[in-house]
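Let me begin by presenting the structure, written as structure tokens, before commenting on it.
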Amino acid sequence: MLVKSIIKQPNVIFIYTKRNMFLTKFKQKNGDDKDEKNTKFYPRSNLTKISQNIYDIKNTYSTKIMFFKKKLENIPVLLMDANKSINKVTGYDTIQSLKSGIKSIEIDLYQDRISLERESKKLKAINLQQNTTQNLINDLLSRKSTWSPNDLKEFTETYNENQQNIQNLENQKKKVEQLEKKVKIMEQDVHNLILKRYHEEQIWSDKIRKLSTYGTLLLLVINLLSFFALHLLFEPRKRRKLVEAFEKETVAYIADIKRDQSEQMKIFEEQISSKLDALLASKEDINTKNNYSKLISYVKMVFKNIHFQLIKFIEWFPVWKY
């Protein structure tokens, strides 16, 4: 009880030690030994034992808690391994690989579409710039007869810029065409992978459906076998044991009845014989004595016959036949 109270209230040790120190100081000052019988405090040896027990209990509980924590930490890993093994057996790992492949290709396709849109915008800007330079060149050529030195300089600059724009436009067109081809190929790959994934999922669902039907049939067969085994093997044996136990009890009960009846008949015969003997002794006439003796023998014979018939009826009328 002390250990339980200390475990529930850990400040008890500190209170007891403080109380012991106060009592020792009080005794040293007053020297009063009368209160030693009435005061009950725990010595240091008991406190050390109690603290050691508490420390051992804490260590045991901490080790158990750490063990259970490790087990709980290993549960997700075990579940992941079980899931992987089940996927390998059922063939779902191929579907998962196809899903991951489709996701990665879709990410790449999204990035390529963004880059294609950006490059097509660049192509439009270069085309617009080339059109503006070409219009400037055409405008300058239309008034070629009135050129000034500045117009000639502007023509050469715009012509060079136009040639550079034409080259940039051709390069940008090639780049856009390559990106368009790449996007088309990736879209076709995604489409093919999605079709393959749907096909694999259909195969997997058919396989799971077959396994579920076989599992239900197996459970049905097990239930039928258990039903027949219970009703053909265990129930007759149980019934036989019950009948045997009932027969034993009825036989013992009939034996007790026979014994009681025989004892009662013996007592009754003894009483009748004693009364008849007393009656014969009181009679003086010989003839009457002979008649009384005949009557006694007849009565004894009748009671013996009744006793025999009763025992025979008890043997013939067992309870288990009903």
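In this entry, ASN223 is excluded by the filter for residues that are modelled with pLDDT under 80 and either exposed (fewer than 11 other Cβ atoms within 10 Å of the Cβ) or part of a helix (DSSP H, G or I) (or both).
Filtering the stretch 178-217 to residues that are in contact (Cβ under 8 Å) with a residue 24 or more places away in the chain and among the β-branched types (Val, Ile, Thr) leaves VAL183, VAL190, ILE194, ILE203, ILE208. Consider the stretch 140-166 and keep the residues that are surrounded by 12 or more Cβ atoms within 10 Å (Cβ to Cβ) and farther than 26 Å from VAL176 by Cβ. The one that is modelled with the highest pLDDT is GLU157.
Residues in the stretch 230-275 that are in contact with a helix residue (DSSP H, G or I) (Cβ under 8 Å, 6 or more places away or on another chain) and under 30 Å from SER297 (Cβ atoms): ILE257, LYS258, GLN261, SER262, MET265, PHE268, GLU269, ILE272, SER273.
Is the stretch 71-88 home to any residue that is closer than 19 Å to LEU193 by Cβ, assigned to a helix (DSSP H, G or I) and in contact (Cβ under 8 Å) with a residue 40 or more places away in the chain? No, the conditions are met nowhere in the stretch 71-88.
The values are calculated or read from the model by the stated rules, or taken from the named source; none is laboratory data. Everything numeric in this text was worked out from a predicted model, so none of it was measured. Heads up, the Cβs are rebuilt from the backbone with ideal geometry, glycines too, and the neighbour counts pull from every protein chain shown.
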